[in-house]
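The values are calculated or read from the model by the stated rules, or taken from the named source; none is laboratory data. Values in this document were obtained by computation on a predicted structure and should not be read as measured data. Quick reminder, even Gly has a Cβ in these numbers, built from the backbone with ideal geometry, and neighbours come from all protein chains shown.
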Amino acid sequence: MLDLLPDLFDKYPQDLNLIQFPWKTYGQKTIFSGEVVTVKCFEDNSRVKELLAQPGKGKVLVVDGGGSLRRALLGDIIAQSAVDNHWEGIVIYGAIRDVAAINTMDIGVKALAPNPIKTNRKGLGTVDEPIELNNVLVHSGMMIYVDLNGVAVCDKKLTL
């Protein structure tokens with residue numbers, strides 16, 4: 001399957017909410033989906049690192065970084081941890097770094113832009129807090145569907 005979202009929106013137009021941003025695609029998985037785990041943090045990826053070091057089979061980490069492009073919330077070491085722990089993918093409303101390395105990994109990543117500057121880890125951030133991305137409410141336990149066409153969420157698992 002080359003495109004997931006167009007088919008899902010054709011079949012379930014009332015169930016899906018598109019999170020419209022100028023997403024950029026990274027990693028080798030261009031199509032991924034799973035149960036949402038939310039993290040809200042601003043220029044501090046402490047919670048991102050902690051979560052991606054835990055088992056993530058069937059899950060997608062959705063990070064509300066406040067849209068900041070000043071610090072990268074994901075780099076190659078944390079991305080490799082996500083691969084090792086079987087996360088389906090990562091969606092970051094913010095920046096990432098180590099793009100060339102991440103692009104060789106078997107994971108899907110959506111983010112706004114690259115930035116080579118790392119965060120200062122202070123242990124800040126909240127997990128499983130509802131977040132709002134471009135007027136779409138996203139909470140842990142929702143389902144997220146991602147492909148080259150964009151990012152969409154809904155309250156239940158959808159099938160084609």
Matching residues in region 84-110 (under 13 Å from the mean Cα position of the chain (by Cα) and either more than 13 Å from Phe32 (Cα to Cα) or hydroxyl-bearing (Ser, Thr, Tyr) (or both)) number 5
Among helices (runs of 4 or more DSSP H) entirely within region 46-143, at least 2 residues that are in contact (Cβ under 8 Å) with a residue 40 or more places away in the chain occur in 46-52, 99-102
With respect to Lys29, determine if the residue is among the charged types (D, E, K, R), within 25 Å of Asn149 (Cβ to Cβ), in contact with a Gly (Cβ under 8 Å, 6 or more places away or on another chain) and without any contact (Cβ under 8 Å) to a residue 60 or more places away in the chain.
-> no
If we keep only residues of region 68-98 that are surrounded by fewer than 20 Cβ atoms within 10 Å (Cβ to Cβ) and among the hydrophobic types (A, V, I, L, M, F, W, C), then the residue farthest from Cys41 (Cα to Cα) is Val83
Within region 16-45, residues being more than 12 Å from Gly108 (Cβ to Cβ) and part of a loop (DSSP other than H, G, I, E, B) number 10
Fill in: Any chance Arg97 is charged (D, E, K, R) and at pLDDT below 95
no
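Condition check ((1) within 14 Å of the chain's Cα centre (by Cα); (2) surrounded by fewer than 17 Cβ atoms within 10 Å (Cβ to Cβ)) across all residues:
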| residue | (1), (2) |
| --- | --- |
| Leu4 | no, no |
| Asp7 | no, yes |
| Asp10 | no, yes |
| Pro13 | no, yes |
| Asn17 | no, no |
| Ser33 | yes, no |
| Val36 | yes, no |
| Asp44 | no, no |
